[in-house]
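What follows is a set of notes on a single structure, which appears directly below.
Throughout, read-outs are computed from the coordinates displayed, never taken from laboratory work. Since we're looking at a predicted model, the values are computed, not measured. As a convention, Cβ positions derive from the backbone with ideal geometry for all residues, glycine included, and neighbour counts pool all protein chains shown.
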Amino acid sequence: MDTDLSTIAYTPTIGVRRYVEAPLVEATTESLRGYGCLVERPADFPIEIVRWPAQGWRPVDENSGNQGGVTEGLFEFWWKGQTLYAHNHAVGDSYLFGWSRLPEEAPGPAMPRERALIWRANYHPDGGQLFYPQGDGAFIVPLALPGDDVTPEKFVAFWCDGSRGLYVHPNIWHGAVVPIADRARLLDRQGRVHARVSVDFPREFGCYLAVPLRHP
């Protein structure tokens, strides 16, 4: 798949050589407790929508502040050589999420991939997000519990076998969906407001977040 770099939503921060590797666990009902859950049937799975916060002592009126609804579309992730790209058709954004080697060494042909070096992650304060795979095999997603004082060490990499979807609650930090194969296509369903709060690992911590590309 061709990638127009002029359409990338965020310019990656690079120039560091250190990485912090997230512990790798299999995504199960128990391991995902507090982060989200596995989803069998996406069609009738509800997406949490967070009411718009009040700005003072007057509360937001009932039946208001949560009517933006849900948007959905295909979320595509693909490796091009040693670089991980993505396009979210639900919101119309394209991304460069990471590399399988240091980015200065990444240009060139594909090589065996041992890890993904992720430069950013975010959370959505307005709603949850569902990733439901479309038959492209296993994938891994790094997640961290809520809190703006997040660090790379707080992330856990969840290995999903590709047979069920992954839902993450509002305010849960999440990095890229990292395919084990060359690509992953997932149905994406999330709040239409699509607010993003981000962390830039190289700029803030002088490192990348490393996601191991193997079975736990």
Problem - Compactness of the chain, expressed as Rg and Dmax over alpha-carbon positions, Å - result: 17.0, 58
Practice task
Would you give the gap between the C-alpha center of the stretch 139-216 and the C-alpha center of the stretch 53-71, rounded to a whole Å?
Solution key: 27 Å
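Filter the GluC sites (Glu not before Pro) in the stretch 87-154 down to the DSSP loop ones having no more than 15 other Cβ atoms within 10 Å, then list what survives. Let's see the in-between values first.
Values: sites: E104, E105, E114, E153; in loops: E114.
Answer by residue number: E114.
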Fill in the blank from the handout: Quick calc, the chain, dipole around Cα centre from Cβ unit charges on Lys, Arg (+) and Asp, Glu (-), nearest 20 debye, gives 240 debye
Practice task
Using only the alpha carbons of the stretch 131-213, determine the length spanned along each of the three principal axes and report them from longest to shortest in whole angstroms.
Solution key: 36, 31, 17
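If you average the sequence gap of Cα pairs under 8 Å that are 6 or more apart and divide by the length of the stretch 58-135, what percent do you get for the contact order? Write down the numbers at each step before the final one.
Numbers: 91 pairs, mean separation 16.1, N = 78.
It rounds to 21 percent for the stretch 58-135.
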Exercise for the section: Mind telling me which of R41, R192, R17 comes out most flexible in a GNM of the chain, alpha-carbon contacts under 10 Å? Expected result: R41
Fill in the blank from the handout: Under the 7 Å Cα-to-Cβ spin-label approximation, L145 and L74 lie apart by a distance in nanometres of 3.8 nm
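If eta is 0.890 mPa s and T is 25 °C, what Stokes-Einstein diffusion coefficient results for the stretch 30-110, Kirkwood Rh from Cα pairs, in µm²/s?
Result for D is 145 µm²/s.
Is the stretch 123-165 rounded, prolate or oblate when judged by the Cα gyration tensor, a ≥ b ≥ c being the square roots of its eigenvalues, rounded requiring a/c under 1.5 and prolate requiring a/b larger than b/c?
On the way: a/c = 4.24, a/b = 1.65, b/c = 2.57.
Oblate shape, in that a/c is at least 1.5 and b/c is the bigger or equal ratio.
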Completion exercise
Contact order relative to length for the stretch 79-216, counting C-alpha pairs under 8 Å separated by 6 or more residues, stands in percent at 32 percent
